[in-house]
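Presented below is the structure to which this report refers.
The values are calculated or read from the model by the stated rules, or taken from the named source; none is laboratory data. Predicted model, so just to flag it, every value in this text is computed and none were measured. Virtual Cβ from ideal backbone geometry, glycine too; neighbours counted across all protein chains shown. Please note that ligands, DNA and RNA were not included when accessible areas were found on the heavy atoms of the full protein model with its side chains. Shrake-Rupley method; radii C 1.70, N 1.55, O 1.52, S 1.80 Å.
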Amino acid sequence: MSTAALSELQPVAPPEPHLPEIAIEDVSRDLSRAIERAEVNAWLDLYDAAPADFAARHGLSIARDRDLVWTTCATIPFIHFNCAKNIGVEAPASEAQLDALLAHYRTAGILRPWFYTSPHTEPSRLRCWLEARGLQHQSGWERIFRDATPLPAEPLFQTDDVSVEEVVPKTAPEWASFIDGKYRLPTSPWLMALVGRKGWRHYMLKRDGAVAAVRSLFISDGAAWSGIDAPVPGIMAPSFDLDAVLGERLVRDGIAAGAKLFVADIEAPRPERDGPAYRNYARLGFKIAYFRDHYSYLPAHSS
């Protein structure tokens with residue numbers, strides 16, 4: 001046997017463990033509920049703001065049964081508009097509850113309703129119930145959070161030739177049309193109803209006078225939820241730099257407004273939890289709370 005052959009039999013050293021580029025917190029069940037509630041409250045208020053004629057035209061509605069909240073939209077197949085926001089979060093889910101939600105979406109003609117689960121969702125077999133009914137795991141997002149610890153006085157992210165401005169009624173059409181253009185949605189009338197609304201702050205990052213990125217913040221009961229972002233870095237845009245600049249402005253303004261808890265998502269997750277999104281949010285003081293899994297039916301054209 002050759003020396004080369006002998007070398008192939010030697011044990012191979014295991015790879016060096018990979019360290020995530022962001023801290024991971026073992027959050028309590030109570031904190032996980034507060035994190036999810038921050039988003040649910042944003043969506044409850046967002047739907048409450050929808051103009052009546054817009055809601056009627058698109059079959060847009062939000063419903064709740066005690067603490068459970070779910071959304072419906074007949075004409076726009078967008079994940080946020082047809083999903084159970086918090087099944088199994090505030091109280092354990094039941095199979096009867098799940099079946100009632102699925103029946104609701106079938107009756108409404110919704111082909112792909114969405115359901116979220118996390119390590120804190122009760123019961124843990126909710127995933128099995130979803131899969132037993134034909135829904136499949138469709139990736140998910142990193143749920144991240146931070147407290148009100150102040151940021152350094154000096155800016156963390158600096159990008160040449162850009163500026164961030166808060167949206168006001170005069171600039172609302174520009175902001176709304178940018179979002180609709182990126183997502184190919186007809187939601188401008190709904191979005192503009194949020195400008196100037198209590199609890200909401202909307203921001204545009206501009207380069208050479210043109211909108212390049214947007215992000216919003218909703219603050220309620222001391223919790224700040226960050227969303228309505230476009231383009232989504234890592235999915236709709238290759239660069240994460242502009243979103244980082246916006247994220248810093250939101251955190252600074254949110255702390256000044258009295259927010260004690262900030263909630264956001266990394267929508268382009270990576271198994272190793274590395275890359276610019278993780279690094280940028282870590283610099284902003286965020287930690288990972290958990291990975292939130294998404295379940296739905298496969299698209300009709302999938303094999």
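Can you pull out the residues in the stretch 214-242 that are without any contact (Cβ under 8 Å) to a residue 60 or more places away in the chain, in contact with a helix residue (DSSP H, G or I) (Cβ under 7 Å, 6 or more places away or on another chain) and among the hydroxyl-bearing types (Ser, Thr, Tyr)?
Residue satisfying the conditions is SER226 alone.
In the stretch 146-159, is there at least one residue being within 23 Å of ILE62 (Cα to Cα) and open to solvent by less than 30 Å² (accessible area, probe 1.4 Å)?
Taking every residue of the stretch 146-159 in turn, none turns out to be within 23 Å of ILE62 (Cα to Cα) and open to solvent by less than 30 Å² (accessible area, probe 1.4 Å).
Let's see how each residue does on (1) touching an Asp or Glu at 6+ places or on another chain (Cβ under 6 Å); (2) buried (at least 16 other Cβ atoms within 10 Å of the Cβ):
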residue	(1), (2)
TRP129	yes, yes
ARG133	no, no
VAL162	no, yes
ALA176	no, yes
TRP190	no, yes
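Does GLY227 satisfy being part of a loop (DSSP other than H, G, I, E, B) and surrounded by fewer than 20 Cβ atoms within 10 Å (Cβ to Cβ)?
The answer is no for GLY227.
Assuming TYR116 fulfils every condition listed in (1) assigned to a helix (DSSP H, G or I); (2) closer than 22 Å to PHE286 by Cβ apart from one, which condition is it?
(1)
Any idea which of ALA100, ALA84, ALA42 is open to solvent by 10 Å² or more (accessible area, probe 1.4 Å) and of a type in the set (A, V, I, L, M, F, W, C)?
ALA100
Would you please list the contacts, defined by Cβ atoms under 6 Å and residues six or more apart or on different chains, that run from a residue in the stretch 154-168 that is on the phi < 0 side of the Ramachandran plot to a residue that is open to solvent by 70 Å² or more (accessible area, probe 1.4 Å) and not in a loop (DSSP other than H, G, I, E, B)?
Going by the 6 Å Cβ cut-off, the qualifying pairs are LEU156/ARG283; THR159/ASP241; VAL162/ARG207; VAL164/ARG249.
Residue-wise test of (1) outside any helix (DSSP H, G or I); (2) more than 22 Å from MET192 (Cβ to Cβ); (3) in contact with a strand residue (DSSP E or B) (Cβ under 7 Å, 6 or more places away or on another chain).
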residue: ASP26; (1), (2), (3): yes, yes, no
residue: ALA34; (1), (2), (3): no, yes, yes
residue: ASN41; (1), (2), (3): no, no, yes
residue: LEU44; (1), (2), (3): no, no, yes
residue: ALA56; (1), (2), (3): no, no, no
residue: THR75; (1), (2), (3): yes, no, no
residue: ASN86; (1), (2), (3): yes, yes, yes
residue: VAL89; (1), (2), (3): yes, yes, no
residue: ALA93; (1), (2), (3): yes, yes, no
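Residues in the stretch 178-188 that are crowded, with 19+ Cβ neighbours inside 10 Å and either of a type in the set (A, V, I, L, M, F, W, C) or part of a strand (DSSP E or B) (or both): how many?
Selection size over the stretch 178-188: 2.
Can you name the condition, by its number, that VAL211 falls short on among (1) without any contact (Cβ under 8 Å) to a residue 40 or more places away in the chain; (2) more than 15 Å from the chain's Cα centre (by Cα); (3) part of a helix (DSSP H, G or I); (4) within 21 Å of GLN158 (Cα to Cα)?
Just one mismatch for VAL211, condition (3).
Could we say that TRP200 is under 20 Å from ALA38 (Cβ atoms), open to solvent by 30 Å² or more (accessible area, probe 1.4 Å) and not acidic (Asp, Glu) here?
Taking the combined requirement at face value, the residue does not satisfy it.
For the stretch 265-283, indicate whether the set of residues that are without any contact (Cβ under 8 Å) to a residue 12 or more places away in the chain, assigned to a loop (DSSP other than H, G, I, E, B), more than 30 Å from LEU19 (Cα to Cα) and open to solvent by 10 Å² or more (accessible area, probe 1.4 Å) is non-empty.
no
Just for the stretch 164-174: of the residues that are of a type in the set (Val, Ile, Thr) and open to solvent by less than 50 Å² (accessible area, probe 1.4 Å), which one is nearest to ARG279 (Cα to Cα)?
VAL164
Out of the residues in the stretch 254-275 meeting the condition of being of a type in the set (D, E, K, R) and in contact with a Phe, Trp or Tyr (Cβ under 8 Å, 6 or more places away or on another chain), tell me which one is farthest from SER139 (Cα to Cα).
ASP265
From ALA244, ALA257, grab the single residue that is at pLDDT 95 or above, among the aliphatic types (A, V, I, L, M) and open to solvent by less than 30 Å² (accessible area, probe 1.4 Å).
Unique residue meeting the criteria: ALA244.
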